[in-house]
Each structure stands twice: as structure tokens, then as C-alpha cells.
1. How far apart, in nm, are the 7 Å Cα→Cβ label points at residue 93 and residue 178?
2. DSSP beta bridges in the chain, what fraction antiparallel, as a percent rounded to 5?
3. If you stretched the chain out fully between residue 68 and residue 8, how much longer would it get, using 0.36 nm times the residue separation minus the C-alpha to C-alpha distance?
4. Just to be sure I understand, if you calculate Rg and Dmax of the Cα atoms in Å for this structure, which of (i) 15.3, 43; (ii) 16.2, 49; (iii) 16.6, 53 do you get?
5. Do the sum for the chain: with -39,500 (n - 2.57) for every DSSP H run of n ≥ 4, divided by all residues, what is the mean residue ellipticity at 222 nm, to the nearest 500 deg cm²/dmol?
6. Between segment 26-59 and segment 86-110, how far is it from one alpha carbon centroid to the other, in angstrom?
């Protein structure tokens, strides 16, 4: 991953519309398999800097059935990456005509621990704008430190993400017991 330009930009309202358009296409490509489709990642959190890549998470009842829909996802311009380092996931990525990454699709079985942690993290940052702004500032700083090193940028975010993810899961647990 080294030597790849790292870019974060201010939040853009059109990311929500892009998610809606793309999720409708994905829903048709995965016809009958989807239980839910979510906008995740920094582009789903208003007011923070983000890499301009729309992250989409899809919940399905049976992950193995997704593989039969790879051709439909390829027709939408997605590259099928299999589990891509996370057991039980199907990962797809899409670039625009200029070769710039525009979308990631993460597919997990419904209510898996991955689904829960992604949604908890997103919702926690939406509810805790101070933490979201801390995350945004950290990302801007990391881009300045590693402008062409995606691997170092990601590694720099990792401790923050792990800490906040634990806070988010505890926050979710407490919300669910009230």
C-alpha cells in the first residue's frame, strides 16, 4: 500500500446521495440476499474530514450466497476481493474511469460482530461530535505526516479506532439495557 496518495477532504453533503444511489444498485445486484444496507465509514459522519470513498456495509443471511452474485457486482464496476483479510466478509472495491477509488462494499452476515462494531462506531461518532472532531483532526494530522503512505496513515488511526470502538460498544450496551 505504500506510495499511494492519502487524501482527506471536508465532509460533502452529496456523499449521502451517492450512498443512496449506489446502495440501490447493489440491492438489485444482490437481489433477494440483502437484509439491510448501511452507509458506514467517515463519509457517513457529518462534519468530519474523510477519504472521499463511500463505505457501504451490507447485511445478508448467508454470506456464501454472495459469491454467486459476483458477476452482477462486476457489472456495476466492482472488483471482487473475497474475504480480503477478514474472515466471514465479502469485500468489493470500485474505481471511477480515472482509476480513483470511489466505493468499498463490506458484506457480512446479519448481526455479526463486525456489523455491530461498525454501526456502534458510526453511531457513537454521530452522537459524540467532540470525539468525531478529534478523529477528524487526527486524520488531517496523519495526512500531513504521511501524504503518500496509506499504510502509515491507517496504522496511525488504528489505536484511536480501537479505543473508540470499545467505548462505542460499551455505549451501545448501556443504551440497550435502559
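Throughout, read-outs are computed from the coordinates displayed, never taken from laboratory work. The model shown is predicted, which means the values in this text are computed figures rather than measured ones. Cβ placement follows ideal geometry from the backbone for every residue including glycine, while neighbour counts extend to all protein chains displayed.
1. If labels sit at residue 93 and residue 178, their model points lie 3.9 nm apart.
2. Numbers: 17 of 24 bridges.
The antiparallel proportion sits near 70 percent.
3. On the way: separation 60, 0.36 × 60 = 21.60 nm, distance 3.45 nm.
Difference between extended and current length: 18.2 nm.
4. Checked against the structure: label (ii).
5. Details: 5 runs with 82 residues, N = 178.
About -15500 deg cm²/dmol.
6. Cα centroid to Cα centroid, the span is 10 Å.
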